[in-house]
Amino acid sequence: MRSTSSRYGAAAQAFHWLTVMLVLAAYVLSKGDQDSLYSAAADGLRRIHEALGVLVFIVVVLQLLWRLIDSAPAKQPMPRWMAAAAKLVHFALYALLIAIPATAVLGTWLEGIPLTLPGFDIAPQIAKAHGLGQLIMEIHTTLGDAILWVAGVHAAAALFHHFYLRDEVFQSMASGRMND
Ligand code: HEM
Ligand code: HEM
């Protein structure tokens, strides 16, 4: 369950790969329709997109709480700049994972639009400021696109470690069987 000195534990791995799947699904479904996500035609899609996004937020909060009691595996031997870059990218990913759902909820409510989840709505809990809400939704879109780029670089780095540097970084986030 807990991380060892060389590998993330089952819980940390489950949080990581669940987050990956939820983010990818939320992203794909944000682009899945020609109409705006706000249109009546995209109602079902928007509800799924918002539910996946809210789940990302819940999973990431749990992941960070777990991270407080379960530290990451010991660092692999690598140049200092590489370890610093990895730390920076992990920080950026966590920041985006929090900021993307947060801007979405704030933006829609400022626009005066309810949060729409499958089966129910949550009416705006803050005063309407439509222009600001629209701006924050544009930021949401930019951050939603940005996380794919940052995660892409992060995934490429993980594969570079595995296939080129041939160290244990990739295996640290993979199930035990891949290490045999
Ligand atoms: C990690 C989670 C999420 C990701 C990766 C993500 C990504 C995106 C992206 C890329 C777009 C722009 C789509 C386009 O190009 O038109 C978008 C739009 C949108 N997202 Fe999310 N989103 C996430 C979570 C959420 C959540 C939690 C909500 C709940 C309110 C939400 C509500 C919306 C809405 C309403 C739009 C349409 C905005 C507009 O057309 O102005 N998203 N999202
Ligand atoms: C949306 C996509 C992704 C997100 C948001 C994400 C996020 C993260 C975060 C936040 C960490 C730091 C964990 C911690 O120490 O607290 C991490 C570690 C890691 N991720 Fe990802 N990840 C994504 C995709 C991927 C993919 C596709 C791969 C593999 C190809 C991957 C491989 C790894 C590995 C190997 C580590 C451990 C790195 C180390 O200890 O230096 N990730 N990821």
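Please report the relative contact order for segment 86-141, taking Cα pairs under 8 Å with a sequence separation of at least 6, and give it as a percent rounded to a whole number.
Answer for segment 86-141 is 35 percent.
Relative to the longest principal Cα axis of the chain, at what angle does helix 43-69 sit, 0 to 90 degrees, rounded to 10?
Rounded to the nearest ten degrees, it is 40.
Mind checking the angle between helix 80-110 and the chain's longest principal axis? C-alpha axes, 0 to 90 degrees, to the nearest 10.
Approximately 20 degrees, to the nearest 10.
Return the sequence-ordered ³J(HN,Hα) values of segment 152-165 in whole Hz as given by the Karplus equation 6.51 cos²θ - 1.76 cosθ + 1.60 applied to θ = phi - 60°, using x for Gly and Pro.
Once rounded to whole Hz, the list reads x, 5, 4, 5, 4, 5, 4, 5, 4, 4, 6, 8, 9, 6.
In degrees between 0 and 90, to the nearest 10, how far off the longest principal axis of the chain does helix 10-30 point, with axes built from Cα atoms?
Result, in degrees: 40.
Roughly speaking, what is the stretch gain from S39 to K75, that is 0.36 nm per residue apart minus the C-alpha to C-alpha distance, in nm to one decimal?
Extending this stretch completely gives an extra 8.2 nm.
Using a cut-off of under 19 Å, list every residue of segment 136-171 whose amide N is near the label point 7 Å from the Cα of A95 along the Cα-to-beta-carbon line.
Within reach of a label on A95, which here means backbone N under 19 Å from a point 7 Å along Cα→Cβ, segment 136-171 contributes 136-155.
Under 5 Å between amide H atoms, partner at least 5 residues away or on a different chain: which partners does G112 have, H built in plane at 1.01 Å?
Sorted by chain and number, the residues that satisfy this are A129.
Please report the net charge: other residues with Cβ closer than 15 Å to the Cβ of H140, K and R +1, D and E -1. Walk me through the numbers on the way to the answer.
On the way: positive: K31, R46; negative: E50, E111, E138, D145.
Residues close to H140 contribute a combined charge of -2.
Describe numerically, in nm with one decimal, the distance between label points set 7 Å from Cα along Cα→Cβ at V61 and at L135.
The modelled label-to-label distance comes out at 2.7 nm.
Amide H neighbours of L117 under 5 Å, at least 5 residues apart or on other chains, H built in the peptide plane: list them.
Distant-sequence amide H within range of L117: I122.
Within segment 64-135, report the trypsin sites (Lys or Arg not before Pro) that DSSP leaves as loop and that have at most 16 other Cβ atoms within 10 Å. The partial results should precede the final answer.
Values: sites: R67, K75, R80, K87, K128; in loops: K75, K128.
Passing sites in segment 64-135 are K75, K128.
For F120 and A155 in the same chain, what is the full-extension length gain: residue separation times 0.36 nm, less their Cα-Cα distance, in nm?
On the way: separation 35, 0.36 × 35 = 12.60 nm, distance 3.56 nm.
Extra length from F120 to A155 when fully extended: 9.0 nm.
How many angstrom lie between the Cα centre of segment 95-151 and the Cα centre of segment 1-55?
Cα centroid of segment 95-151 versus Cα centroid of segment 1-55: 15 Å apart.
Over segment 2-85, what relative contact order in percent results from Cα pairs under 8 Å that are six or more residues apart?
39 percent
Through the Karplus equation 6.51 cos²θ - 1.76 cosθ + 1.60, θ set to phi - 60°, convert the phi angles of segment 121-133 into ³J(HN,Hα) values in whole Hz; use x for Gly and Pro.
So the J values, rounded to whole Hz, are 10, 10, 4, x, 9, 9, 5, 6, 8, 4, x, 4, x.
Relative contact order, percent, of the chain when contacts are C-alpha pairs under 8 Å separated by at least 6 residues?
Numbers: 199 pairs, mean separation 40.2, N = 180.
Averaging sequence separation for qualifying contacts and normalising by length gives 22 percent for the chain.
Read-outs: derived from the displayed coordinates by stated rules, not from any lab. Every value quoted in this text rests on a predicted model; they were computed, and no experiment measured them. Cβ sites come from the backbone with ideal geometry, for glycine too, and all protein chains shown count toward neighbours.
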